[in-house]
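Working notes, beginning with the structure itself.
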Amino acid sequence: MSQALEAPQDAAPSVNPWHVAGYAGLLALMVVVIRLDNTFALNFMHVMAGVLWTGIDLFMGFFVGPALRSAPFEARRAVTMRLVPRTLFLMPTLAIITGTTGWFHAKQLGFLEVSWPQYGWVLAALVIITILTVQGLGVLLPTNVRVYLELRKPEPDRERIGRLLKSYVYLVGFQGLMQIAMIVVMAKFVTGL
């Protein structure tokens, strides 16, 4: 087997502390932007984080995931061993920034005070971001970490990995549908409630 596809325990990449510091810096920047209450800066940070979060989610869920499902175990292992450390802090950071800046930007623009039925769109955004964040941080992230830790072992338990990933595919698909629904809601915000 090609050495590029092998992922022995000692060769598994670890979390880079400089990347973690960068994500902490992004969260600190988010706090500064919120405190500045600048419409452009808040909108830019919200849109940029949202585009990255949504784009990565959709690409991973609808392209990388299906491609990996048909790949041999060692290829899936090699990709997962390199992907999880890179996304471990990235995705939660983008999710937190998107939701938090979105809330403050909606408040800034007066969307939290609109009347019904326009408020239905605001409520839809709040429900979708809550589902995305809770599912992402509470289910998908811990599952990724458990699978990653199992794959780091010299002899990973494939049955355990299978059990961990049993409902994962459906959750990722649902996450993708929620991301698309959020795009629809955001398009409504941009074009006017």
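The values are calculated or read from the model by the stated rules, or taken from the named source; none is laboratory data. Because the structure is a prediction, the values reported are computed rather than measured. Using ideal geometry, Cβ is built from the backbone for each residue, glycine included, and neighbour counts are taken over all protein chains shown.
Conditions tested, residue by residue: (1) of a type in the set (A, V, I, L, M, F, W, C); (2) part of a loop (DSSP other than H, G, I, E, B); (3) closer than 26 Å to A41 by Cα.
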position	(1), (2), (3)
V127	yes, no, yes
Q135	no, no, no
P142	no, no, no
R163	no, no, no
L171	yes, no, no
M186	yes, no, yes
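For the structure I just gave you, tell me whether T100 is at pLDDT 85 or above, assigned to a helix (DSSP H, G or I) and within 13 Å of the chain's Cα centre (by Cα). Break it down into steps so the answer makes sense when it comes.
Numbers: at pLDDT 85 or above: yes; assigned to a helix (DSSP H, G or I): yes; within 13 Å of the chain's Cα centre (by Cα): no.
It is false that T100 is at pLDDT 85 or above, assigned to a helix (DSSP H, G or I) and within 13 Å of the chain's Cα centre (by Cα).
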Are any residues in region 144-159 of a type in the set (K, R), more than 24 Å from the chain's Cα centre (by Cα) and assigned to a helix (DSSP H, G or I), and if so, which ones? R158
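If we scan region 91-102, do we find a residue that is of a type outside the set (A, V, I, L, M) and within 30 Å of I161 (Cα to Cα)? Walk me through it before giving the result.
From region 91-102, those of a type outside the set (A, V, I, L, M) are 92-93, 98-102; that's our starting set.
Right, trim to within 30 Å of I161 (Cα to Cα) and you get 92-93.
Checked region 91-102: at least one residue is of a type outside the set (A, V, I, L, M) and within 30 Å of I161 (Cα to Cα).
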Inside region 149-172, can you point out the residues that are surrounded by fewer than 16 Cβ atoms within 10 Å (Cβ to Cβ), over 20 Å from G136 (Cβ atoms) and touching a helix residue (DSSP H, G or I) at 6+ places or on another chain (Cβ under 9 Å)? K153, P154, D157, R158, R160
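Can you find a residue that is more than 20 Å from L132 (Cβ to Cβ), surrounded by fewer than 13 Cβ atoms within 10 Å (Cβ to Cβ), of a type in the set (F, W, Y) and in contact with a Pro (Cβ under 9 Å, 6 or more places away or on another chain) anywhere in region 39-50? It would help to see each step written out before you state the result.
In the first step, residues of region 39-50 are kept if they are more than 20 Å from L132 (Cβ to Cβ); the result is 39-41, 44.
Next, from what is left, pick out any that are surrounded by fewer than 13 Cβ atoms within 10 Å (Cβ to Cβ): 39-40.
Narrowing further to those that are of a type in the set (F, W, Y): 40.
Remaining after also requiring in contact with a Pro (Cβ under 9 Å, 6 or more places away or on another chain): none.
No, region 39-50 contains no residue that is more than 20 Å from L132 (Cβ to Cβ), surrounded by fewer than 13 Cβ atoms within 10 Å (Cβ to Cβ), of a type in the set (F, W, Y) and in contact with a Pro (Cβ under 9 Å, 6 or more places away or on another chain).
Given the structure, is F89 surrounded by fewer than 13 Cβ atoms within 10 Å (Cβ to Cβ) and touching a residue at least 60 places away in the same chain (Cβ under 8 Å)?
On the way: surrounded by fewer than 13 Cβ atoms within 10 Å (Cβ to Cβ): no; touching a residue at least 60 places away in the same chain (Cβ under 8 Å): yes.
When the stated conditions are applied, F89 does not pass them.
Every residue in region 107-121 that is without any contact (Cβ under 8 Å) to a residue 60 or more places away in the chain and assigned to a helix (DSSP H, G or I), please.
As a first pass, look at region 107-121 and keep what is without any contact (Cβ under 8 Å) to a residue 60 or more places away in the chain: 107, 110, 112-113, 115-117, 119-120.
Correct list: K107, L112, E113, Y119, G120.
Scan region 128-143 for residues that are within 14 Å of S167 (Cβ to Cβ), more than 12 Å from the chain's Cα centre (by Cα) and of a type outside the set (S, T, Y) and jot them down. Walk me through how you get there before you give the answer.
Applying the first criterion (within 14 Å of S167 (Cβ to Cβ)) to region 128-143 yields 135, 138-140, 142-143.
Next, only the ones that are more than 12 Å from the chain's Cα centre (by Cα) stay: 142-143.
Within region 128-143, just P142 meets the criteria.
Suppose the filter is touching a helix residue (DSSP H, G or I) at 6+ places or on another chain (Cβ under 9 Å), in a helix (DSSP H, G or I) and within 18 Å of L109 (Cα to Cα); does V47 pass it?
Against the criterion (touching a helix residue (DSSP H, G or I) at 6+ places or on another chain (Cβ under 9 Å), in a helix (DSSP H, G or I) and within 18 Å of L109 (Cα to Cα)), V47 qualifies.
Kindly evaluate V51 against the criterion of being of a type in the set (V, I, T) and under 17 Å from L171 (Cβ atoms).
Values: of a type in the set (V, I, T): yes; under 17 Å from L171 (Cβ atoms): no.
Answer is no for this residue.
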Report, by residue number, each residue of region 129-139 that is surrounded by fewer than 19 Cβ atoms within 10 Å (Cβ to Cβ) and touching a residue at least 40 places away in the same chain (Cβ under 8 Å). I131, Q135, L137
Inspect all residues belonging to region 165-185 and state whether any of them is under 19 Å from the mean Cα position of the chain (by Cα), closer than 19 Å to P72 by Cβ and without any contact (Cβ under 8 Å) to a residue 24 or more places away in the chain. yes
